[in-house]
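One structure is given below, encoded as structure tokens.
The values are calculated or read from the model by the stated rules, or taken from the named source; none is laboratory data. Everything quoted here is computed from the prediction, not taken from an experiment. Here the Cβ is made from the backbone with ideal geometry for all residues, glycine too, and neighbour counts use every protein chain on show. Calculation scope for accessible area: heavy atoms of the full protein, side chains included, ligands and nucleic acids excluded. Shrake-Rupley method; radii C 1.70, N 1.55, O 1.52, S 1.80 Å.
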Amino acid sequence: MINIVIFGAPGAGKGTQAKLLAEKYDFLHISTGDLLRQEVAAGTPLGQRAQAIMNRGDLVGDDIVVALLARALANRSTLPNPDASIDPWDRERKGEPHRPEGCIIDGFPRTVQQAQTLEFLFGKLQRKIDCVVAIDVPRDELVHRIHERAAISGRADDTEEVIRHRIELYDLQTQPVLDYYRVSGLLVTVDGSGEIAETNTRICQTLERLMKL
Ligand code: ADP
């Protein structure tokens, strides 16, 4: 089982890249942002608690996010990635050779505390993180992209003020996670300043080299 964390500032394209990788390698894509948005859309008690926090651009409490993540990690029935054209278990059923199972986590960890929690959760499942891919995008480009996305995304947290706050929180709370993984030797940084396809090729080359995918 291969476990990859995809990491990047708001606007770095981690969600887009995580989705592409999940499709290419038939990996499970777990996005904490998507899990939260699903709870909000379904109007669950948890979603109701998360909604206002997300709309402000603040980090949702670990009690909520960790519960959602743990559920997604434990639940194989959340597979496959609903957007994937191929059902990974279909190949298994047909006895065809297939790539190792894997998952891509996007949006978590966002704090050093969450990084420690992820290790704990994985430890319980006898899994470990194999690689943390950080998508590196210059600040000017990030701001430009988020503004473009804001015009079409319809996300309540894509307003000018909230975007600024999300980037501030990223700098304060999430950036230190990079050092955490650098020290543990798991971090690889990929230039994400170009087109989506270019970044995707870079990430795939990196993963194939490191993990023989
Ligand atoms: P982005 O990376 O563009 O900020 P996400 O979809 O990853 O978008 O996250 C959207 C929002 O969901 C965040 O601003 C935050 O409120 C909440 N969220 C997502 N992941 C986490 C997390 N790991 N911890 C706390 N809050 C989270």
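Looking at Gly43, is it within 11 Å of the ligand (Cβ to nearest atom) and either modelled with pLDDT under 95 or open to solvent by less than 50 Å² (accessible area, probe 1.4 Å) (or both)? Break it down stepwise before answering.
Numbers: within 11 Å of the ligand (Cβ to nearest atom): no; either modelled with pLDDT under 95 or open to solvent by less than 50 Å² (accessible area, probe 1.4 Å) (or both): yes.
Against the criterion (within 11 Å of the ligand (Cβ to nearest atom) and either modelled with pLDDT under 95 or open to solvent by less than 50 Å² (accessible area, probe 1.4 Å) (or both)), Gly43 does not qualify.
Can you pull out the residues in the range 17-30 that are open to solvent by 10 Å² or more (accessible area, probe 1.4 Å), under 25 Å from Asp62 (Cα atoms) and modelled with pLDDT of 95 or more?
Lys19 - this is the single residue of the range 17-30 that is open to solvent by 10 Å² or more (accessible area, probe 1.4 Å), under 25 Å from Asp62 (Cα atoms) and modelled with pLDDT of 95 or more.
Could you tell me which residue of the range 109-131 is most open to solvent (accessible area, probe 1.4 Å), considering only residues that are more than 14 Å from the ligand (Cβ to nearest atom) and hydrophobic (A, V, I, L, M, F, W, C)?
Phe120
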